[in-house]
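Only the coordinates and a few stated rules stand behind these numbers; no lab work does. Keep in mind the model is a prediction, meaning the values are calculated, not measured. Every residue, glycine as well, gets a Cβ built from its backbone with ideal geometry; the counts of neighbours run over all protein chains shown.
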Amino acid sequence: MTLTSKTPVDLSHNAAKTGSKGPRLIGQRRSRAHLNRTAILAAAVVILFAVSVLLGSYTVTIPDFFKILFAHLTGGEKIPGASFIVMENKLPRAVIGTMIGLAFGMAGALFQTMLRNPLASPDVIGISYGASAAAVVAIVIFGASGAVVSGAALAGALGVAAIIYAISSGGVSGTSRGDAAGNRLILAGVGIAAALHAVVNFLMTRADIRTAADALVWLNGSLNAASWDRAVVLALALAVLIPAVVAIAGPLRILELGPDAAAGLGIRVGATRLALVIIAVSLAAVATAAAGPVSFVAFLAGPIARRFTGKASLPASALVGAVIVLAADYVAANLAPLLLDGTVLPVGVITGALGAPFLLWLLVTANRKDA
């Protein structure tokens, strides 16, 4: 009788202990799985970076690459031809491709998380169109090139972002009606993007053939003009913006609960959203200034990272953005010429071909969930 009376007590005690550890173990497993998948994305970026530099139309062995790099850094004897191809073409192209992928991925994830809408990315809400319109004005009207075009694109993106934010500021900066505010910002961006698209088309019809061709290459997003000067400027910008993203990540996670809940937890919703917009727009603007509006990278990175890792993550989104750009650029520069009689495509053509079907799939799956 003593044994039978104690057994239920022991079982219930063990069940209570197991029940208390269960959710914790599940959370630890999910966190471990998320870290492992993020590490896989980081490894994919490293592999694609190496493929971009070592393979392609001109292949380089790993020992030769380190010889070339060491000679370049120390001023030693250079390998004729190979040193120029690797150090002035392949390596800066891969470096800039990685950095713009990281920037676009973080920018898209910030917008989508803040507004809780997968359509809220810089290339959908008009930020990229602002950069495009300003760059085309600089190319067609003023005959600009190089750094001037990049500066115009940066100014255009920031200017359009300010206009969009001002139009939608009645709700975006407030603590109530957060979803309506986000929808208002997206609609304002789509409307301004349509107007800017018309401006770009008008300018292209007025330009001569050579100028229009230069503008068209830039509009599609291309890494053909990659250089160490652009890489240094982009790296300095990211050195400032990435710590800002880290600093704002905590309030962003609380903001995901909704503006009312975030305000109740002590978050200054208006100031936080304004800071998020400034950081996200700056990331998209500096990436666009470096390589043009590489379409759909910011739009694709966040949802793909969320599906791969199991939850929304800024680091995973940044890494997915880098994977998309590096893979698309390798296809555009090395595989497409084999199929198109030597024609080298801008990287934005490949990312656009990926983004359009994904957008349709996203809309179809959203309709099925609503039904």
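Relative to the longest principal Cα axis of the chain, at what angle does helix 2-54 sit, 0 to 90 degrees, rounded to 10?
0
log₁₀ I(q)/I(0) of the chain at q = 0.06, 0.09, 0.14 Å⁻¹, via Debye over equal Cα point scatterers, no solvent, to two decimals?
Listed by q, the Debye log ratios stand at -0.28, -0.57, -1.20.
Eigenvalues of the Cα gyration tensor times 5, then square-rooted: what semi-axes does that give for segment 79-122, in whole angstrom, largest first?
37, 6, 4
How big is the Cα convex hull of segment 39-115 in projection, averaged over all directions, in nm²? Please list the in-between numbers first.
Working: hull surface 25.7 nm².
Directional mean of the projected Cα hull area for segment 39-115 stands at 6.4 nm².
What angle do you read, to the nearest 10 degrees and between 0 and 90, between the alpha-carbon axis of helix 178-206 and the longest principal axis of the chain?
Orientation of helix 178-206: about 10 degrees from the principal axis.
Which residues among segment 267-288 fall inside the zone where the amide N is under 17 Å from a point 7 Å beyond the Cα of Arg116, along Cα→Cβ?
Answer for segment 267-288: 267-270, 272-274.
Please give the helix 347-370 orientation as an angle from the longest Cα principal axis of the chain, in degrees from 0 to 90, rounded to the nearest 10.
30
Take each of the peptides 296-305, 353-362, average the number of other beta-carbon atoms within 10 Å over its residues, and list them starting from the highest.
296-305, 353-362
Leu73 to Leu362: FRET efficiency via 1/(1 + (r/R0)^6), r the Cβ-Cβ distance, R0 56 Å, to the nearest 0.05?
Efficiency, from the Cβ-Cβ distance: 0.80.
Tell me the relative contact order for the chain as a rounded percent, counting alpha carbon contacts under 8 Å between residues six or more apart.
It rounds to 27 percent for the chain.
Go from 0 up to the bin containing the longest alpha carbon distance in segment 128-169, width 5 Å each, and give me the % of pairs per bin.
Percent of Cα pairs in each bin: 6, 29, 26, 18, 10, 6, 3, 0.
Count the net charge of all other residues whose Cβ sits under 13 Å from the Cβ of Asn220, scoring Lys and Arg as +1 and Asp and Glu as -1.
-3
Any idea what Rg and Dmax come out to for segment 195-349 if you just take the C-alpha atoms, in Å?
18.9, 61
How far apart, in nm, are the 7 Å Cα→Cβ label points at Leu187 and Phe202?
2.5
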